[in-house]
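Shown next, in structure tokens, is the structure this report addresses.
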Amino acid sequence: MESQAVSRPLHFAFVLHAHQPVANPDAVVRQVILTAYRPVLTELAARPALRFTLHLSGSLLDRLERLDPELVELIGTMVERGQVELLGGAYHEALLPLIPAVDRHGQLTALRTRLHKAFGVSPRGAWLAERFWEPALAHDLAEAGYQYTLLDEHGFLQVGFSEDRLDRPWLTEDQGSPLGIFPISKGLRYLLPYAEPEQALQILHNRAVTHPGSVWVFADDLEKFGAWPGTWPRVHEQGWLRGFLDQASEAATGPLPWVTLAEAWEAVSPGGLAYLPTTSYPEIMRWSLPPALRRDQTRAGFPRHFLVRYPEVNLIHKRMLAASQAVHDLPHPPPDLLHQLWISQTACPYWYGWFGGAYLPGLRLHAKAAATRAETLALKKARRPLRSITHTDFDLDGQEEVVVSTLTQWVLARPVGATLSAWEDRQTGFDPLAIMNPWPEEGAPGDAPAETVLPFEDLILAPGATLDHLLHRQMPVLATLRHRRFATETFEDPHALGVRFALRAPLPLPDGDRHLELTKTFRLDDQQCRLTLDLELVNPEPRPLELSYGLRLPLASLASPNGHPFALTVPEVGLTDLDGLSVGEVCGISTLRWGPRPGGPPPERGALALAGTRLTIDRPVTVWYSPLLTEIMLEGKATPIFQALVLVFLVQLRIDREGRAGLRFTFTLGEDPDHG
């Protein structure tokens, strides 16, 4: 390789970031250890001249100490000899701008403490999850003891810096608290490990000629080197990593020394002040936009907009904020309670991109359950009442909701549509209504998204509606009440709390417009995780009313087409649908169950405890069942993700003039999966 001589070297900062969601099973993490963590760190350890910087989230470090303590020892050896600098950050890899300031400080300091305990070092730099930056973070990071962070060059370019100047750290501040920022090269992120080793090293040599005495920062996921789809053959089997590191070792004693960020901070003087806008890496900024707007270069994107695009994510976020309030109302929250809260703040389910994010039920349900458990434990520890009814705009979307909480469960009820957005088991945190709807996404099939599903939605169907309509996605809905505001009242008695919705609505029936008075009463039991829905339908007119009524209910699970879905069991007809992916009809039934497969393996350590949902109806009904699938681009492939089993309870009603009809549904969460 030919290169020009340079008087001053180019400092090359090689920064690796490693994190695995707490919700990922041990088997997944072990695979990542085998394909990326262990081989990459072993190769680096064999070349002490190649100094680098490593970020491990606190939750991943905890997992590595249990699954691969020898790898942790190897990291410790490299720390001791000064080969690797460890970065701090949020303990549970939170998107820092989205969590309360008290939790930002807590997570940032907790990881510093953890690294000092494990390796005897106090990190000077901090990694930001998804490199999501808002200007006020400068104060938070400095207050937690950090001197610098690193951000994608995208933010610098947005405010007018030229790429040629991004060869050194820059300085910023908030409220007078200073912080250094290293620009991350987008070009290097796309170069490694995809360019041939010789080409990559030549580009670095060329940079040394044009930018002597500067620093060039590569920073990306460690999983990229073997665990990402398609990278194992190239990086390891074909020898890319070994070839690149061998050639880099030869150059490291000359014009291309590898340095830690701390060494670069000392060796390369800052360029001056830089006040950066809210930013992240370009891909996530684009993903935060609706797909139709992503090619519009005037649209910058904003990571908080994921809370707008996905109401389900917004609900998790507001559930987390409520849990944080309860935890920090305690004078001295214990560490185990803080970590339970912080698990609910893990970044993974708060956005959607290459790895699935919010669409992956395991990530989403786990975070929401952690928030529920943290709030419940905090309220009990403070001896505050769990039993309450609150009228509030809980998700801050401008519409008032009703929060009903008992000793055993928590419900978020919406007067608009008379539906429930959440029904949580306070003990486990599991919410069988926590689905993810098929929102418009880039690369998804079809021109328009499938219809969104609301739990406990009322449907008025055309006469003669059959399963064939459902099979062809042409369910003949004459009217839905999802946009109508119901009158609301709440009630309580010694053993239960509840909310009652009532509405008089015109219906476009085949024989002309008719009126229906509908009352829906949700009742929450104090002693069991049991929810009762009483429906009363009144015909206010002096002539009979005939209609086909449907109640739609999605029930969530952690299943996927390649996983192990829950089982739908209908004891009355001996039906057990073990794949959960078919479309079917069951007539004349009054009991069914949706839950973990009977006789299945116990949950893995730390996994979300899944509860079965048992339904009983006080009269025989027809039930249609079908899967709710969200087809998304997952790691570059169109992938259907199983979100829920959607049930539609159907009854044909004839209500006499000025008469009434009633139905009672009883839902019990937490049934033993081996008993139907």
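Over segment 27-183, what lengths in whole Å, largest first, do the semi-axes of the equivalent ellipsoid take, defined as the square roots of 5 times the eigenvalues of the alpha-carbon gyration tensor?
Each semi-axis is the square root of five times an eigenvalue, giving 28, 19, 15 Å.
Once amide H atoms are built 1.01 Å from N in the peptide plane, which residues 5 or more positions from residue 221, or in another chain, come under 5 Å H to H?
Close amide H contacts, sequence-distant or interchain: 17.
Roughly how many debye, to the nearest 20, is the charge dipole of segment 1-160 about its Cα centre, given +1 on each Lys and Arg Cβ, -1 on each Asp and Glu Cβ, and no other charges?
Dipole size: approximately 320 debye.
Hey, which lysines would be in cross-link range of residue 380, C-alpha to C-alpha under 29 Å, not counting anything within fewer than 8 residues on its own chain?
Straight-line reach from residue 380, under 29 Å: 318, 368.
List the residues, sorted by chain then number, that are 5 or more residues from residue 94 or on another chain and whose placed amide H is less than 5 Å from its amide H.
347
Have a look at 282, 298, 86 and report the one farthest towards the positive end of the charge dipole of the chain, computed about the Cα centre with Cβ charges (Lys/Arg +1, Asp/Glu -1).
Of the options given, the answer is 86.
Could you tell me how many degrees, from 0 to 90 and to the nearest 10, lie between the Cα long axis of helix 69-80 and the main elongation axis, the longest principal axis, of the Cα atoms of the chain?
Orientation of helix 69-80: about 40 degrees from the principal axis.
Ranked highest first by average number of other Cβ atoms within 10 Å, how do 212-220, 20-28 line up?
Output ranking for 212-220, 20-28: 212-220, 20-28.
Filter the trypsin sites (Lys or Arg not before Pro) in segment 370-479 to those in DSSP coil with at most 16 other Cβ atoms within 10 Å of their Cβ, and list the result.
383, 387, 473
For the chain, compute Rg over Rh where Rg is the Cα radius of gyration and Rh is the Kirkwood radius from the inverse mean 1/r over Cα pairs.
1.03
Evaluate the Kirkwood expression for the hydrodynamic radius of segment 303-425, namely the inverse of the mean inverse distance over all pairs of different C-alpha atoms, and round to one decimal in Å.
Hydrodynamic radius (Kirkwood, Cα pairs) of segment 303-425 is 14.9 Å.
Quick one: 3J(HN,Hα) in Hz for segment 138-145, Karplus 6.51/-1.76/1.60 with θ = phi - 60°, rounded, Gly and Pro as x.
So the Karplus estimates, Gly and Pro as x, are 4, 5, 4, 5, 5, 5, 7, x Hz.
Which one of 311, 377, 358 is farthest out on the positive end of the charge dipole of segment 303-425, using unit charges on Cβ (Lys, Arg +1; Asp, Glu -1) and the Cα centre as origin?
Of the listed residues, the answer is 377.
Short version: ³J(HN,Hα) in whole Hz for each residue of segment 280-288, in order, from phi by Karplus 6.51 cos²θ - 1.76 cosθ + 1.60 (θ = phi - 60°), x for Gly and Pro, what are they?
7, 6, x, 5, 6, 4, 5, 4, 6
Along the positive direction of the dipole of the chain (beta-carbon charges: Lys, Arg +1; Asp, Glu -1; about the Cα centre), which of 211, 226, 61 reaches farthest?
The one lying farthest along the dipole's positive direction is 61.
Where the only charges are on Cβ atoms (+1 Lys, Arg; -1 Asp, Glu), what is the dipole of segment 465-590 about its Cα centre, to the nearest 20 debye?
480 debye
If you line up the Cα atoms of segment 11-280 on their principal axes, what length do they span on each, largest first, in Å?
50, 46, 33 Å, listed from the longest principal axis down.
Taking other Cβ within 10 Å of each residue's Cβ, how do 435, 316 sort, fewest first?
Exposure proxy ranking, most exposed first: 435, 316.
Among rounded, prolate and oblate, which fits segment 475-563 when a ≥ b ≥ c are the square roots of the eigenvalues of its C-alpha gyration tensor, a/c under 1.5 means rounded, and a/b larger than b/c means prolate?
It comes out oblate by the Cα gyration axes.
Could you list 664, 514 in order of exposure, starting from the residue whose Cβ has the fewest other Cβ atoms within 10 Å?
664, 514
Indicate, rounded to the nearest 5 percent, the antiparallel portion of the DSSP beta bridges found entirely in segment 11-280.
Antiparallel bridges make up about 20 percent of those DSSP assigns within segment 11-280.
Give me the distance in nm between label points sitting 7 Å out from Cα along the Cα-to-Cβ direction at residue 325 and residue 158, one decimal.
In this crude label model, residue 325 to residue 158 measures out at 2.9 nm.
Taking neighbour Cβ counts within 10 Å as the exposure measure, how do 116, 236 sort from fewest upward?
Listed from fewest to most nearby Cβ atoms, that is 116, 236.
Amide H neighbours of residue 151 under 5 Å, counting only residues 5+ apart in sequence or on other chains, H built in-plane at 1.01 Å?
Here the answer is 182, 184, since their amide H atoms fall under 5 Å of that of residue 151.
None of the figures in this text is laboratory data; all of them are computed from the coordinates on show. All values derive from a computational prediction rather than experimental measurement. Because the Cβ atoms are built from the backbone with ideal geometry, glycine has one as well, and the counts that use them run over all protein chains shown.
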